[in-house]
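The values are calculated or read from the model by the stated rules, or taken from the named source; none is laboratory data. This one's a predicted model, so the numbers in the text were calculated from it and none came from an experiment. Here Cβ is always computed from backbone atoms with ideal geometry, including for glycine, and neighbour counts include all displayed protein chains. To get the accessible areas, we keep the full protein, side chains included, count just its heavy atoms, and leave off ligands, DNA and RNA. Shrake-Rupley method; radii C 1.70, N 1.55, O 1.52, S 1.80 Å.
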Amino acid sequence: MSLAYVVAAAMFAGIVIYTLFGGADFGSGFFDLTAGTTATGGELRVLIDHSIGPVWEANHVWLIYILVIWWTAFPAAFAATTTTLFVPLALALLGIVLRGASFAFRKYSATVAQARLFGVVFASSSLITPFFLGAVAGAVASGRVPAKGYGDPWSSWLHPTSVFGGLIAVGTCAFLAGAFLTADAARSQHLRLSEQLRVRTLVVGALTGALVLVALVPIRHDARSLSDGLLGRAAPLVVVSAIAGAATLLMLYRRRYGVARIGAVVAVAAVVIGWGMAQSPWLLMNQVRIDDAAGAPATLAALLVVVGVAVVVVVPALGYLFWLTQSERWTRP
Amino acid sequence: MSVVDIARWQFGIITVYHFLFVPITIGLSAIIAGYETAWVRTHNPHWLRLTKFFGKLFLINFAIGVVTGIVQEFQFGMNWSDYSRFVGDVFGAPLAIEGLAAFFLESTFLGLWIFGWERLSPRMHAACIWIVHIGTLISSFFILAANSWMQHPVGYHYSPVTGRAELTDFAAVMFNKVQLVTFPHTVLAAYMTGAAFVVGIAFWSMIRKGAAEDDRAMYHLAVRTGSVVLLIAGLGVAFSGDIQGKVMTEVQPMKMAAAEALYNTEQPASFSLFTIGSLDGSKEKFAVKVPGLLSFLATGSFHGKVEGINELRAKYQAEYGKDPGAKYYSPGGYTPVLAITYWSFRLMIGLGLLVAAGAALILWITRRGRVPPKRRWVWLAVAMPLLPLAANSFAWIFTEMGRQPWAVFGLMTTQQAVSPGVTVAEALTSVIVLTLLYAVLAFIEIRLELTYIRRGADPYVEPPDPLSADDSTDRPLAFAY
């Protein structure tokens, strides 16, 4: 395995982690949006704030991690993607800025009217952002990004793979968030809330699963290479994902929230890793191979050292933070 | 307007904007950490109340710093794709560390700090904000290493095969001589900024009508400590800036010549405090000059020789070819926009001196527990936080505009750096949307900060024992909805 593959794997690990953590983070916006009126939704919104408040900044650092490695290790492919997918990236960016700012503003807003306004902006940008990031992934995976960049600004992402990619991303985020929030609510003894979340998560999970099945048909026509990879080399992972997804729904139904969380993570991680396998050895599907896109060896080596140091420095701290937020002591009623 | 113009405007707007929040984050985190440590050691409730008061203002500020930082990363790919391609190999390595280690460290420990008041022991809790501060320092080190590389590229070789600069020596990039002076200069300026933020706000809270006696005593503490930090950091800024000027003269002599609009080599060279009339060197102008000062700033000796723009231009033309910027820059090429370099250099220094003078004045009028009258001094409270923000902005405008026409000195011009295929309409849309969005964010942010400043520090509550506390976190007010 070449150095370029190791770096690509490190970057892809970032994508998987961002999908999980950032995804759960984004998905909480869906539940915030559908929490209900001022009077009835307060409890859920407090729970959401409590759950993602300590971690949202860290969650979005993963995006920076991905961008930085991509840019450093595969500069030409980075430039090709950003110049082709200018529009969806700009819209995702807009969503990220609005979302982070309004989440913080809501917490500190002085009146209910203000808080409601920021809350709506936060929640709706939580849906917009993953949609466009999913669309970007769909464009890359269906070979829409030419090696030299400057693909068509519209048709490169307005096609079935990107649109379904975006929708699936939104559904996945909501599903992940639902699994985590339900567990959080149950652990902090908000039983009425956990029941409400359980039902919604079941619905979201079933819909997302159905969406994935439906999407397979257009993707088969629209993105042949991706589809071949998913049904070929990556087929075991797709099966794992389907089983884990179904198991999650079952566990939620039976109110085994702790296990359901794990199932949701496995289901999402497996399908994302499956996409990575299906796309390998292409960095930009059918356009640029990982080996050909790599920068200078000294840079790749330096980058790996950096990743290593980051793992040593950051993972324990981040782990501690998640342990605290997910532990009993933190979420007492 | 060309795409280059628009892309530069966008870069200028969103970077200057981002850097309003960054130095506050760096400086304020240190001061808050100091206050919290003081509380842990003395148990004086004033320190805890100040920690929480400025902590809240800090958090509102931090969120905008984070989101506007993400925009930066995207913009390199979108507007400056040729630049990304060219330097990604080199520039990316320090940025990667920034993103990976420092940024994670900051956001993780800030998360612990926000939500850990009742769950961590006081010492652990104070340690969290110190780690956040250390994260901001690591972060600035690597970002500045990347910027220093653009001012003075080292540790790379140019590969004609790939058409890119490729990293050969990581340590050389990290310990670039420009970096070694830029880092202390910038971080100390950030301490000045954070301190001025504290001083201005605490001063206003102290002199406002109706403040309780005990609160006045508390704000008085903040005013005094902040002013002392500001003055010490200010000395450091002046000292490091002086060394930086000499390094700059060595690696980018044109920038120093442009800082004075010095057309012809002089020995010794005088420094004009201000100039009325044209700077183009052709006409007689009225200027107040300090003899030998430019020589001193540039070389360390009042009799040193400072090269002028004309000589340097001839030199650059011999080294880099006739004129890289003919299509876009002034017909002379190799010369930055003098009106901007000239004035931004003076405003940086002048405003920096002014804020230090403000701190000294505040120390004097608050000596031995005095509380000066509001009517007379309220302007000072308003000016203090704003002056260093303006000084910082002019400093960056000077150092970046002074490097023109280069994006990477001697290697790539700004014109070559821009994304070739982006249309004027696309670039214009993006700059307009971002500017409007940022304006709205600034408006909300300032309003929120003002609301909390007016509300003042919360009353002291005995912090609960982390092991037996109930969940009574600082509940967001607005969650009534």
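Each of A:Gly274, A:Gly14, A:Val288 was scored by the projection of its Cα onto the charge dipole of region A:3-325, and the greatest displacement toward the positive side belongs to A:Gly274; charges sit on the C-beta of Lys, Arg, Asp and Glu. A cut-off under 13 angstrom between Cβ atoms defines the neighbours of A:Thr161, and their net charge, with Lys, Arg +1 and Asp, Glu -1, is +2.
For B:Trp406, the residues whose amide H sits under 5 Å from its own are B:Thr414, ignoring neighbours fewer than 5 places away on the same chain, with H placed 1.01 Å from N.
Quick check: from the Cα gyration tensor, does region A:242-333 come out rounded (a/c under 1.5), prolate or oblate? Here region A:242-333 falls in the oblate category. With 0.36 nm allotted per residue and the present C-alpha distance subtracted, the B:Glu462-B:Asn264 stretch has 64.5 nm of extension available.
Applying the Karplus relation 6.51 cos²θ - 1.76 cosθ + 1.60 with θ = phi - 60° to region B:52-61 yields 3J(HN,Hα) values of 6, 4, 6, x, 5, 4, 4, 5, 4, 5 Hz, where x marks Gly and Pro. A crude spin-label estimate for the pair A:Val305 and B:Glu311, with each label 7 Å from Cα along the Cβ direction, gives 4.1 nm. Helix B:122-151 and the longest principal axis of the C-alpha atoms of chain B enclose an angle of approximately 10°. Across chain B, Cα-Cα pairs more than 41 Å apart make up 24 percent of the total. Remark: chain A carries a charge dipole of roughly 680 debye about the Cα centre, counting +1 on each Lys and Arg Cβ and -1 on each Asp and Glu Cβ.
Counted residue by residue at 0.36 nm each, then reduced by the alpha carbon distance between them, the extension gain from A:Leu158 to A:Val239 reaches 26.3 nm. Counting only trypsin sites (Lys or Arg not before Pro) that DSSP places in a loop and that have at most 16 other Cβ atoms within 10 Å, the longest clean stretch of chain B runs over B:1-208. Which shape class, rounded, prolate or oblate, goes with region B:164-312 when its Cα gyration tensor gives a ≥ b ≥ c as root eigenvalues, a/c under 1.5 marks rounded, and past that a/b bigger than b/c marks prolate? Oblate.
Rank B:Ala189, B:Trp204, B:Ile60 by how far each Cα sits towards the positive end of the charge dipole of chain B (+1 on Lys, Arg Cβ; -1 on Asp, Glu Cβ) and give me just the farthest. About the Cα centre, the residue reaching furthest to the positive side is B:Trp204. Accessible surface computed residue by residue for the protein assembly as shown, with neighbouring protein chains in place and a 1.4 Å probe, gives 38 Å² per residue. Straightening the chain between B:Ala318 and B:Ser278 buys 11.6 nm, computed as 0.36 nm per residue apart minus the Cα-Cα spacing. Calculated FRET efficiency, B:Phe302 to B:Glu250, Cβ-Cβ distance, R0 = 22 Å: about 0.75 to the nearest 0.05. Taking the C-alpha atoms only, the angle from helix B:424-455 to the longest principal axis of chain B is near 30 degrees. Relative to the longest principal axis of the C-alpha atoms of chain B, give the angle of the C-alpha long axis of helix B:3-42, reported between 0 and 90° and rounded to the nearest 10°. The angle comes out at about 40 degrees.
Applying 1/(1 + (r/R0)^6) with R0 = 41 Å to the Cβ-Cβ distance of A:Thr37 and B:Val440 gives a FRET efficiency near 0.95. Span-like helix criteria (full DSSP H runs; alpha carbon extent of at least 24 Å along the helix axis; mean Kyte-Doolittle hydropathy of at least 0.0) are satisfied in chain A by A:56-73, A:86-108, A:112-141, A:160-187, A:191-222, A:235-253, A:257-279, A:297-326.
As a length-normalised measure over Cα pairs under 8 Å and 6 or more apart, the relative contact order of chain B settles at 22 percent.
The packing ranking of peptides A:56-68, A:175-187, A:235-247, highest mean first, is A:175-187, A:56-68, A:235-247, where packing means the average number of other beta carbon atoms within 10 angstrom of each residue. Among all the aspartates and glutamates, which ones have a C-alpha under 16 Å from B:Lys374's C-alpha, if same-chain residues fewer than 8 places away are not counted? List returned: B:Glu213, B:Asp215. Look at the alpha carbon pairs under 8 Å that are at least 6 residues apart: their mean separation over the length of region A:3-325 gives a relative contact order of 24 percent. Inter-chain Cβ neighbour count for A:77-84, averaged per residue, equals 6 (cutoff 10 Å, partner chain atoms only). A protection proxy built from the mean count of other Cβ atoms within 10 Å ranks the segments B:407-414, A:189-196, A:74-81, most packed first, as A:74-81, B:407-414, A:189-196. Label sites at B:Met1 and B:Leu361, each approximated as a point 7 angstrom past Cα along Cα to Cβ, lie 3.7 nm apart. Apply the a/c threshold of 1.5 to the C-alpha gyration tensor of the protein assembly as shown and tell me whether it is rounded, prolate or oblate. Since a/c reaches 1.5 but b/c is at least a/b, the shape of the protein assembly as shown is classed as oblate. Annotation: for a label point projected 7 angstrom from Cα along Cα→Cβ of B:Leu386, residues of region B:23-45 with backbone N closer than 18 Å are B:24.
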